[in-house]
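The values are calculated or read from the model by the stated rules, or taken from the named source; none is laboratory data. Keep in mind it's a predicted model, so treat the numbers as computed, not measured. Note that we place each Cβ from the backbone using ideal geometry, even for glycine, and neighbour counts take in every protein chain shown. Ligands, DNA and RNA are excluded from the accessible area calculation, which covers all protein heavy atoms including side chains. Shrake-Rupley method; radii C 1.70, N 1.55, O 1.52, S 1.80 Å.
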Amino acid sequence: STISKNSLKSSLLQLECHFTWTLLKQDVDVDNLEETIGDQIEFLTRNSITSYNLLSYVCYLKNSHEEALRNLQKAEEEVQKYQPDEIARRSLVTWGNYAWIYYHMGRYEEAQTYISKVENSCKKLSSTAQLKVQLPEVYAEQGWALLKFGKKYYQRAKKCFENALKDEPNNPEFNAGYATASYRLEDFSCRHCEDVNSSLQALRRAVELNPTDTFIVALFALKLQDLKQVDEGEKYIEEAMQKTPDLPYLMRYAAKFYRRKGEVDKALEILKKGLEVTPKSAFFHHQLGLCYRAKLFQLKKATRYPPQEQVKELIQLSIFHFKTATDLNTKFFSALFDLANMYVEGQRYEEAEETFQKLIQINILYDDDKQQFYYHYGNFQHFQMKSESKAIKYYLEGLKIEEDSVARYKCKNALKKLLVQRIHKGLGDATDYGTLALVHNLNGEKHEAIECYEKAVTLCPDNEEYLSALCELRLSI
């Protein structure tokens with residue numbers, strides 16, 4: 001009997017695997033993702049089944065179907081080697097991926113075979129006959145996949161690990177995943193002026209359950225450093241470095257720890273060693289750029305007239321590593337951001353402009369990313385390009401995004417300062433007064449806002465927008 005494409009589709013959509021977890025290609029740099037998963041398989045002892053399954057999906061995203069099948073085969077070999085008693089449990093995701101890839105290759109009979117395999121296993125594993133069974137391993141596997149797809153996915157990842165932990169609260173791997181997701185989410189909420197410490201408990205617990213997982217130990221150390229418990233953090237970093245001195249995942253965080261502590265040379269030493277192990281790591285290149293930038297700022301702070309040769313060299317090194325990081329991972333927001341600002345520092349304005357344009361085109365930007373972009377791009381227009389009107393435009397864009405963040409606050413202050421200066425110099429037109437009124441209003445300074453709108457209306461009596469804003473404000477007082 002020939003199996004029709006349509007009859008397969010509804011079964012496929014019920015499978016729990018990478019194809020049904022909404023992992024979107026446009027949110028990642030696929031080549032970079034392939035590279036980092038390869039590094040994980042090589043250096044992390046943790047669960048390569050998960051890595052091979054994810055790698056097969058990434059190969060599918062690159063249209064390499066045969067390569068995708070080869071990785072699924074490797075996942076199956078891993079299961080047979082390490083979990084021969086739990087083949088069905090551990091293979092559900094792998095088989096689901098097989099079904100989808102065969103379906104996309106037009107090999108419907110084989111797709112159906114794998115759908116049946118999942119179905120039969122689900123019947124054995126739970127009393128209900130369906131294609132889904134809520135297994136903690138599957139939740140965890142989904143969690144790890146989501147973590148690899150960027151910060152837009154972190155909240156969902158955390159939820160997956162929470163679900164996995166309901167059944168197995170003491171599982172070291174699930175705890176590590178939960179702690180990693182919590183830590184990364186917090187890293188971002190710091191920029192939102194939120195109070196954050198909840199990941200400390202999760203990290204501490206993950207470290208207690210598996211002290212040999214130095215990747216988690218390093219995150220724990222960074223968290224302690226965030227909370228100003230530097231000495232305790234350093235103790236963990238040093239112990240971890242003794243356990244796994246050549247693990248790139250530990251090196252990257254150890255280097256970050258020492259750079260933030262101000263021991264930049266020590267950080268550089270670790271990063272150079274790490275780069276020998278994983279030469280295509282965008283993360284290592286970005287961290288190297290940050291180290292050279294830190295040295296540049298130290299030099300500028302230490303002396304009024306720093307030697308220009310040294311300044312130039314540090315700017316060049318910094319640019320080289322930031323640029324390499326963005327070539328390796330085209331969706332790497334903070335590396336692009338640092339590169340744009342370093343071009344400004346080196347007075348390479350055309351390249352800065354190009355990089356700013358690349359930045360704003362990344363499609364996984366959060367609101368606070370955008371606000372940060374508008375603030376720095378506004379500064380660039382104001383101070384380097386000498387265009388006050390463009391600066392006003394971009395600061396205002398940042399302010400219009402209502403997410404409460406440090407960057408929004410900076411946009412607001414920069415905008416206010418610039419408008420007040422223009423007005424003091426006698427350059428203020430109706431638009432400037434209207435914009436300043438808006439800023440005052442956002443600050444809750446209603447009387448000042450009314451004054452500014454009155455000025456705007458005097459200069460431009462027919463402007464409907466100013467008139468109605470003025471009426472509204474007067475009524476609200």
Per residue accessible area in Å² of the chain, where ligands, DNA and RNA are left out and the probe is 1.4 Å: 48 Å²
For region 316-361, compute Rh as the Kirkwood radius over C-alpha pairs and then the Stokes-Einstein diffusion coefficient at 10 °C and 1.306 mPa s; write the answer in µm²/s, rounded to an integer. 158 µm²/s
Given contacts defined as C-alpha pairs under 8 Å and at least six residues apart, what's the relative contact order of the chain, whole-number percent? 8 percent
Treating cross-link reach as a plain straight distance, find the lysines whose alpha-carbon is under 23 Å from the alpha-carbon of residue 62, omitting any fewer than eight places away in the same chain. 5, 9, 25, 74, 148, 151, 152, 280, 331, 358
Relative to the longest principal axis of the C-alpha atoms of the chain, give the angle of the C-alpha long axis of helix 464-476, reported between 0 and 90° and rounded to the nearest 10°. 90 degrees
With unit charges on the beta carbon (Lys/Arg positive, Asp/Glu negative), name the residue among 372, 185, 153 whose Cα is farthest towards the positive pole of the charge dipole of the chain. 372
Please give the net charge around residue 246, taking every other residue with its beta carbon less than 10 angstrom from that of residue 246, where Lys and Arg add +1 and Asp and Glu add -1. 0
Which residue, 282, 319, 22, has the largest displacement toward the positive end of the dipole of the chain when charges sit on each Cβ (Lys, Arg +1; Asp, Glu -1)? 319
When the dipole is taken about the Cα centre of region 287-389, and only Lys, Arg (+1) and Asp, Glu (-1) are charged at their Cβ, what size is it in debye, to the nearest 20? 380 debye
Which percent of the accessible area of region 5-133 is formed by carbon and sulfur heavy atoms (probe 1.4 angstrom)? 45 percent
Counting helices only, and only those DSSP H runs with n ≥ 4, report the 222 nm mean residue ellipticity of the chain as the sum of -39,500 (n - 2.57) divided by its residues, in deg cm²/dmol to the nearest 500. -24500 deg cm²/dmol
Taking protein heavy atoms only, a 1.4 Å probe, and rounding to whole percent, the accessible area of region 250-384 owed to carbon and sulfur comes out at 50 percent
Note the direction-averaged projected area, equal to a quarter of the hull surface, for the Cα convex hull of region 244-336, in nm². 6.0 nm²
For region 402-475, the dipole about the Cα centre with charges only on Cβ (Lys and Arg +1, Asp and Glu -1), to the nearest 20 debye, works out at 460 debye
Among the aspartates and glutamates, which fall within straight-line cross-link reach of residue 300, defined as a Cα-Cα distance under 16 Å, with same-chain neighbours fewer than 8 residues apart omitted? 309, 313, 345
With no solvent and one point on each alpha carbon, what is the Debye value of log10 I(q)/I(0) for region 1-123 at q = 0.13 Å⁻¹? -0.50
May I ask for the net charge around residue 399, where only other residues with Cβ less than 14 Å from the Cβ of residue 399 are counted and Lys, Arg are +1 while Asp, Glu are -1? +2
Which entry in [x] 43, 23, 22; [y] 47, 30, 21; [z] 39, 24, 20 is this structure's computed semi-axes √(5λ) of the Cα gyration tensor in Å? [y]
Principal axis dimensions, region 382-477 - Cα atoms, whole angstrom, descending: 39, 31, 20
Within straight cross-link reach of residue 425, meaning Cα distance under 16 Å, which aspartates and glutamates are found once same-chain residues fewer than 8 apart are removed? 388
If you line up the long axis of helix 406-424 against the longest principal axis of the chain, both from Cα atoms, how many degrees apart are they, to the nearest 10? 20 degrees
Dipole moment magnitude, nearest 20 debye, the chain about Cα centre, only Lys, Arg, Asp, Glu C-beta charged: 340 debye
Helix 154-167 sits off the longest principal axis of the Cα atoms of the chain, rounded to the nearest 10 on a 0 to 90 degree scale, by 40 degrees
For the chain, build the charge dipole from Cβ charges (+1 Lys, Arg; -1 Asp, Glu) around the Cα centre, then report which of 163, 127, 200 sits farthest towards its positive end. 200
With a 1.4 Å probe and all protein chains kept in place, how much accessible area does residue 270 have, in Å² rounded to the nearest 10? 20 Å²
Using alpha carbon centers only, region 117-186 is separated from region 9-31 by a whole-angstrom value of 15 Å
